[in-house]
Amino acid sequence: MKRAWLCVLGVPGLAALLSTVALPGQAASPKKEPAAQPAATSVTPGTRPLGTVGSWTAYASGDKPGRICYLVGRPQKSDSAGVARKAPVAMVTHRPSESISNVVSFVEGYPLKSGSDAALEIDDKKFDLFTNDDSAWARTAELDRAIVSALLKARTATIKGTPNNGKPTSDTYSLAGFAKALALIDEACGISRPETVTAQPAPAPPPVAAPAKAAAPAKAATQSKKASAHRMSPKKVWKNIAKKKRQKSQQAQQ
C-alpha cells in the first residue's frame, strides 16, 4: 500500500521540494565523480535554512498555516556498485496543515527496481521500505514514527537499494547531529516529540529512620539485679564488723 503522503506530494512534488534545497556534494563513487549538477535557477519563495548540524540541514518552506518543514542528510559513505546516480539524500518531513509529520524518505538518485523493497538498518534494527521511482518510503505513519525514534537513539543508518540494472547500492548515514536538526524542524512546525520532553525528576525517597538501639539481653539484666542484691550499704557493713568483734571478744573471755 502506497502512502497517502506520497499520493499528495507525488514524485514530481518531491522533485520540486528537493529543487529548493542546495543538495550535498555528490556521493563518492568507486570509479569517478559524476559531473556537477547545475544550480537550481528557481527557489520556492519563503524557503529558508534553519541550520546545519553535522551532515544534516533543516529547512522551512512557506508561512503558517501551510508551512512545510524538512531536514536533508547526506551519506557519510556510499557504495554505488558502479551504478550511475545523482547525490543520494535522506529526508524527514512535516506538513502540519495536513496533520502529517515524521515522513521518512530516502532518495537514491537512480530508478529503483519496480516492486523491490529497500532495506534500512539502524544500528541493530531493520526496516523494509517500499520503493517508488528513485525513492524509498515507510509504509505507514506508525512505521515512520518508529524509524525516527530509532534514528534519534542510533549512531548510523544504512540503506540498501536495488536498481533496475546493476548491483544493489549501499549508503551509510552518520546520525551525529540528527537529533538537533530534527529539533529545528519540530520547533518550526510545532511538532511535539515524547523523546525530547524533559523528564521530571524522580521524587526523593523518604528519609530512613535510624534503627532503634537494641535492648540489653535479658540475661545481662538478670545478672545486674543479682549484683545489686549482693551489694550492702555501709551501715550494714559496719554492723557486720561490730558483730564479729563482739564474737571475738566473747571468745577471748572464755
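FYI, it's all coordinate maths here, none of it is from the lab. Keep in mind the model is a prediction, meaning the values are calculated, not measured. As a convention, Cβ positions derive from the backbone with ideal geometry for all residues, glycine included, and neighbour counts pool all protein chains shown.
For residue 144, only one of the following conditions fails: (1) buried (at least 19 other Cβ atoms within 10 Å of the Cβ); (2) assigned to a strand (DSSP E or B); (3) of a type in the set (D, E, K, R). What is its number?
(2)
Restricting to region 46-73, count the residues that are small (Gly, Ala, Ser) and part of a strand (DSSP E or B).
5
Could you list, in sequence order, all residues of region 98-139 that are among the hydroxyl-bearing types (Ser, Thr, Tyr), more than 21 Å from the chain's Cα centre (by Cα) and in a strand (DSSP E or B)?
131, 135
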